[in-house]
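The structure under discussion appears below in the form of structure tokens.
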Amino acid sequence: MESPLSLMCVVAHPDDESLGIGFTLAKYAAEGVYTSVVMATRGERGWKGKPTDYPGPEALGRIREAELLTSAKILGVNEIKFLDYMDGEVDRVEPLEISGKIAQHIRRLRPQVLITFDPLGAYGPTDHIAISQFALGAIALAASCEFSDPGGNPPHQVAKVYYMIDSEPLVKLYTRLTGKRIHVTADGERRKYTGWPVWAASARVDATGYWDVAVEALASHESQVGHMMALIRRIPARFNISSWAVQTFYRVYSLVNSGRQVEMDLFEGLR
Ligand SMILES: [Zn+2]
């Protein structure tokens with residue numbers, strides 16, 4: 001019997017899943033694919049309010065965990081697993097420890113498809129870059145006979161790996177919508193979000209039918225995007241929603257298909 005389809009997303013902070021691939025998660029969950037999100041931190045330091053109102057890392061972590069669980073329920077995501085690292089410190093974690101934890105989830109859930117951040121972590125946050133590297137390390141560990149899994153599950157080879165990417169035109173649209181260029185400052189440098197060239201996408205997943213679900217899921221991250229939701233809800237009146245809800249991916253590798261034709265389904269070659 002063929003294994004049921006399973007999709008795993010490995011990211012760093014609650015809201016990465018909704019901002020990154022909320023539409024895609026909603027679509028595959030609705031189609032009956034087993035969807036899971038492995039989350040490195042609880043976003044304990046991502047305070048958007050006045051510094052004097054910051055409730056502290058533990059309290060914010062609890063708030064953001066609850067927001068993520070609500071978002072996951074709306075998207076139909078089957079499982080959320082936290083790796084329990086501290087926001088802002090993912091790049092300093094011991095690699096075998098964190099990749100080993102992710103590898104255990106891979107062996108247990110046996111996803112055919114795994115999605116993570118691109119090598120730039122979308123727009124440069126160090127946690128995003130680190131979790132992408134650790135996820136790739138985990139894929140190697142999960143498949144290796146030399147990795148002994150405390151959970152006792154046998155090796156598993158992920159068939160397809162994707163980076164979630166946004167195109168240059170989408171980043172421009174986002175800048176038009178918000179009037180602000182997404183950026184982060186790290187190591188004393190301002191890192192600007194540029195997006196990927198349109199031609200670089202190897203997969204486009206049309207989830208326009210899941211607009212309402214994905215926007216509601218995003219809205220549950222009140223502490224992060226509450227101030228932007230009015231703008232986001234006006235997108236359909238101002239823009240073609242397919243620019244937002246047809247999500248693009250770069251295929252890092254595939255063991256089941258090849259060629260330059262743009263995939264419409266991340267499970268191409270597996271169904
Ligand atoms: Zn993030």
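The values are calculated or read from the model by the stated rules, or taken from the named source; none is laboratory data. Because the structure is predicted, anything quoted here is derived from the model rather than measured. As a convention, Cβ positions derive from the backbone with ideal geometry for all residues, glycine included, and neighbour counts pool all protein chains shown. The protein model used for the area step is the full one, side chains on, heavy atoms only, and it has no ligands, DNA or RNA in it. Shrake-Rupley method; radii C 1.70, N 1.55, O 1.52, S 1.80 Å.
Things to note:
- Ranked by the mean number of other Cβ atoms within 10 Å of their residues, highest first, the peptides 77-84, 255-262, 142-149, 241-248 come out as 241-248, 77-84, 142-149, 255-262.
- Given R0 = 45 Å, the distance between the Cβ atoms of Thr185 and Glu2 translates into a calculated FRET efficiency of 0.40.
- The charge dipole of the chain, taken about its Cα centre with unit charges on the Cβ of Lys, Arg, Asp and Glu (plus for the first two, minus for the last two), comes to roughly 800 debye.
- Overall form of segment 78-223 per C-alpha gyration tensor (a/c, 1.5; a/b vs b/c): prolate
- Theoretical ellipticity at 222 nm over the chain - DSSP helices of four or more residues, -39500 (n - 2.57) apiece, nearest 500: -11500 deg cm²/dmol
- Farthest toward the positive end of the dipole of the chain, out of Val10, Trp196, Thr70, is the Cα of Trp196, where the dipole comes from beta carbon charges about the Cα centre.
- Span from the segment 51-92 Cα centroid across to the segment 1-50 one, whole angstrom: 12
- The value obtained for segment 6-254, namely the Cα convex hull volume divided by the number of residues, is 122 Å³ per residue.
- Partner aspartates and glutamates whose Cα lies under 13 Å from the Cα of Lys81, excluding those fewer than 8 positions away in the same chain, are identified as Glu17, Glu65.
- Between Arg234 and Ser148, the simple spin-label model (points 7 angstrom out along Cα→Cβ) gives 6.1 nm.
- Largest mean-square fluctuation among Thr185, Thr194, Thr52, in a Gaussian network model of the chain whose springs join Cα atoms under 10 Å apart, belongs to Thr52.
- Modelled FRET efficiency - R0 25 Å, Thr178 with Tyr54, Cβ distances, 0.05 increments: 0.60
- Stretchable slack from Glu168 to Ala140, in nm (0.36 nm times residue separation minus alpha-carbon distance): 7.0 nm
- Sequence-distant lysines (8 or more away, or on other chains) whose Cα lies within less than 18 Å of Lys180: Lys48, Lys172, Lys192
- Extension gain from His227 to Ser258, taking 0.36 nm per residue of separation minus the Cα-Cα distance: 6.9 nm
- Of the residues Gly209, Gly121, Gly22, the one that moves most in a GNM of the chain with alpha-carbon contacts below 10 Å is Gly209.
- Efficiency of FRET between Glu89 and Arg62 - r from beta-carbon atoms, R0 22 angstrom, step 0.05: 0.75
- Size of charge dipole - segment 49-131 - debye, nearest 20, with Cβ of Lys, Arg +1 and Asp, Glu -1, no other charges: 420
- Heavy-atom surface analysis with a 1.4 Å probe gives the chain a carbon and sulfur content of 53 percent of its accessible area.
- Contact order normalised by residue count of segment 6-254, Cα under 8 Å, 6+ apart, percent: 25
- Diffusion coefficient of segment 163-220 by Stokes-Einstein, Kirkwood radius over Cα pairs, 20 °C, 1.002 mPa s: 159 µm²/s.
- GNM top mover of Leu114, Leu75, Leu60 - the chain, alpha-carbon springs below 10 Å: Leu60
- Partner aspartates and glutamates for Lys160 [C-alpha distance under 17 Å; skip if fewer than 8 residues away on the same chain]: Glu2, Asp118, Glu263, Asp265, Glu268
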